[in-house]
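Notes follow the structure.
Readers should treat all values here as calculations from the given coordinates under stated rules, not as data from a laboratory. Here the structure is a predicted model, which is why all the values come from computation and not from measurement. Every residue, glycine as well, gets a Cβ built from its backbone with ideal geometry; the counts of neighbours run over all protein chains shown.
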Amino acid sequence: MLVHSSKQYRERVDFVAFAPTGELYASSHDGLFRWPNPTAQARDRVTAAGPVVRPQFSPCGRYFATNRDKLSVYDRERDTRTVPDLRENIIGTATAFADGALLLSQSAGYGWKTHLAARRLKPDNWNDELWSVEVDRTVRALVGCVAGDRVMYAVSWWEESLTRSVYRYVQRDVRTGEVADECDGPEPGDMFAVSADGTLVATALNNRVTVMATENCAEPLAE
């Protein structure tokens with residue numbers, strides 16, 4: 001699939017996804033574009049020219065977030081863009097949406113503590129926090145909403161007694177931030193996909209794709 005830029009040359013597509021409302025989105029080094037339906041020839045430019053990190057959509061389809069030079073949240077109903085307040089001296093920010101919340105993972109780099117927070121879906125105020133916690137270990141991946149009202153993420157650390165790295169998958173309640181479940185599992189990749197019902201999660205690392213049940217990440221269902 002190719003995206004034609006306004007300069008009449010073709011850009012490589014970095015990410016393509018369907019929004020919950022059915023529109024097709026594709027991001028490239030020239031921006032983020034939208035097609036009203038998969039067979040439409042005409043497209044709309046959603047962001048200004050420039051590279052766009054893969055967009056994250058809210059379950060309702062109204063909002064999506066991208067992280068280019070700054071984290072931006074778009075309201076498709078109002079056709080507005082908002083830049084939420086973030087902590088200073090943070091070089092890494094990951095986002096995901098859950099039911100009624102925007103999830104943020106912020107860290108100063110690998111090996112540092114991670115600030116994990118959930119903010120209410122409020123188009124007029126993206127700084128209203130439901131909860132926030134400091135995670136002592138490095139958050140490797142922020143998966144998003146699973147099992148209905150939970151958010152999953154993976155942390156890692158070096159365990160001297162085992163002489164290897166440990167990867168732990170943690171689930172928190174979206175509304176309270178309380179830990180609901182956690183278990184050790186395989187090494188996570190940079191990309192995740194969650195099934196529509198939130199019961200399965202797949203991760204890709206190098207040339208291997210691993211599928212796990214969110215209820216038990218310790219035993220992959222397929223590799």
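Fully extending the segment from Glu223 to Trp158, taken as 0.36 nm per residue of separation minus the present Cα-Cα distance, adds 21.0 nm.
For the stretch 139-182, backbone nitrogen atoms closer than 16 Å to the point 7 Å from Lys113 Cα along Cα-to-C-beta are found at 139. Modelled label positions at Ser132 and Thr21, each set 7 Å beyond Cα in the direction of Cβ, lie 3.0 nm from each other.
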